[in-house]
Each structure stands twice: as structure tokens, then as C-alpha cells.
Amino acid sequence: MSYFMRSLLSHDELSKLQGALENDEGVVGHSYGRDDGHGRKIQMSLWKHPGNDITGMLARCEKVAGTMEQLLGGEVYHYHTKLIMKEAHTGGSFVWHQDYGYWYKNGCLFPNMGTVFIAIDKCDKENGCLQVLKGSHLAGRVDHVAVGEQNGADLERVNELKKIMPLIHVELDPGDALFFHCNVLHTSDQNRSDRRRWAFLISYNRADNNPYFAHHCPQYTPLHKVSNSAIMECSCVADMTGKEFVKTTEDTSIKPLEKSLSN
């Protein structure tokens, strides 16, 4: 399940969001690097709760959260948001994986989860755009192993699926978005271009899929949705109150794989 939406954000909404994301007192101040297993790092910021700033209004608005509820078939809550910053010439790659390859390890019993990927910059093949195997969510959860500081899907299974499922390079203009299911296999290459590639990703879990143990992402927390107009009406640019940023040392979803590989 994947759903493409051209111009999810208007020009004015995108400009306002970009300004907030580039503010040194905002989410970029909480970023960290993660080894991609190929000599580079992925730079990202990750937080648990939407908050009341413009990034929170985006995560809570009807055209984002409401659309995800329609796609997942029920009430959702905010699982996490992350800003991925692939800088020019240095930005790392993401290996083939499913988001549920991580979230299964977090006590989420069912794959009733999804993400919306919103392009902050133009995303194309040159700067490491998202790549998906269309329809791969129907294959179910694939086994994952640790690759660098990431979880990577079993490449033998991925290569077999690539023989029968279309590989789509998701080239997006700023403000475009892709909603996708947590079992969709996806990857992205390193950024070898002279342009940065920033992307804003909001992930949701269905309310009735509450993880059965506490971990670095939230258990069920009611999401207070807002109207789409709240994005432009919001005057909070760098208010990080209540977001609870995740540190790389707190991410427990990869640790079980690391332990199993060492045994």
C-alpha cells in the first residue's frame, strides 16, 4: 500500500516548515548520525510526540493524520517523527528494509502502521531519493539483520521480490508526499550530488495496536487532531516542549539483532 500525493503542502506551508526546520534552536539541534554500513552516516533528528510547533501541527492535521487513518482503517496515534538530512556529497544511504523490521522488535503485534514521507527538497535519483518495491507489503514481514547501525532486510528475499515487483524511484518535488505501509520494502542511495536532500517523515500506529512493552517510541497516546489551517496559523517555530527527542543510544529496535548476531 502506497499513496502518492502531489503538493501535500502548499508553497506557503512548505516555506514556513523549511524555516522552522532550518532554525538552529529547533529540531536540527537534536540530530545525530547513524552509520549506513558503507562508510557514511545518515544524519537525523527523531522525536516521540508531535508538540505544538509547526512540525506538530503538520503531524496532527487532517490532511496528514486523517489520511493515514483512512489508509490504516481506524484511529491512529503519533509513533514518531524524524527529519532525515542527506547533505550534499556526504549523505549516507538506507539499506533495503521494512519499517516493521524495526517496529516488530518494539512490541507492535500487528503491521497496522504507516509513514508519510514529505519532501523538503527536490528528491531525485541523483541525490538519493526513496526507492520502493511496489506491492511488497503483500509479502509480509521479511527477516532483518544488522547492517552498520541499521536493520537490513534479507537480501536473498529482496532480490527474489525484485524479479516480480516493480522498483519505483520516488522522485518528488518539495511539498510532495508518499504515504506507505510499514511492510513496504524501501531503500535510498547515498547523496553524491551537490544538492542536499532533506525529508520529513511522520509515522503512525493504529490505536488498537498498542505495543505490549514500553520502549523508545510511545505506547498509545491520544492524538489531538487539528484543522489544516493550523499549519499557517501556528506561531510556534522553535518550541520543542513535550517532543521528547530520542538519542541514538535509546533506540532499542536494533539491539536485539545485534545481540543475536554476536551469539
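Relative contact order for the chain using alpha-carbon pairs under 8 Å, separation at least 6, rounded to a whole percent? Once divided by the residue count of the chain, the mean separation gives 34 percent. What a 1.4 Å probe finds exposed on the stretch 104-207 is 50% carbon and sulfur by accessible area, rounded to a whole percent. Phi angles of the stretch 171-180 translate, via the Karplus equation with coefficients 6.51, -1.76, 1.60 and θ = phi - 60°, into HN-Hα couplings of 8, 10, 8, x, x, 6, 8, 10, 8, 8 Hz per residue; Gly and Pro are given as x. Ratio of Rg to Rh for the stretch 154-233: 1.03 [Cα atoms; Kirkwood radius as inverse mean 1/r over pairs]. Pairs of alpha carbons in the stretch 103-180 separated by more than 22 Å make up 36% of all such pairs.
Computed on the stretch 133-225, with alpha-carbon pairs under 8 angstrom and 6+ residues apart, the relative contact order is 29 percent. Computed over the chain, the Cα gyration tensor eigenvalues convert (square root of 5λ each) into semi-axes of 26, 21, 19 Å, ordered from largest to smallest. Amide H to amide H distances under 5 Å link VAL147 with GLY152, where only residues 5 or more positions off or on other chains count and H is placed in the peptide plane.
A dipole drawn for the stretch 73-161 from +1 and -1 charges on Cβ atoms has a positive end, and of LEU138, ASN127, TYR79 the residue lying farthest that way is TYR79. Once the 1.4 Å probe is applied to the protein heavy atoms, the chain comes out at 42 Å² accessible per residue. Taking 1.567 mPa s as the viscosity and 4 °C as the temperature, the Stokes-Einstein diffusion coefficient of the stretch 19-138 based on its alpha-carbon Kirkwood radius rounds to 80 µm²/s.
The Rg/Rh ratio for the stretch 89-134 is 1.03, where Rg is the radius of gyration of the alpha carbons and Rh is the Kirkwood radius.
The values are calculated or read from the model by the stated rules, or taken from the named source; none is laboratory data. All of these numbers come straight from a predicted model, not from anything done at the bench. Methodologically, a virtual Cβ is constructed for each residue, glycine included, from the backbone with ideal geometry; neighbour enumeration extends over all protein chains shown. To get the accessible areas, we keep the full protein, side chains included, count just its heavy atoms, and leave off ligands, DNA and RNA. Shrake-Rupley method; radii C 1.70, N 1.55, O 1.52, S 1.80 Å.
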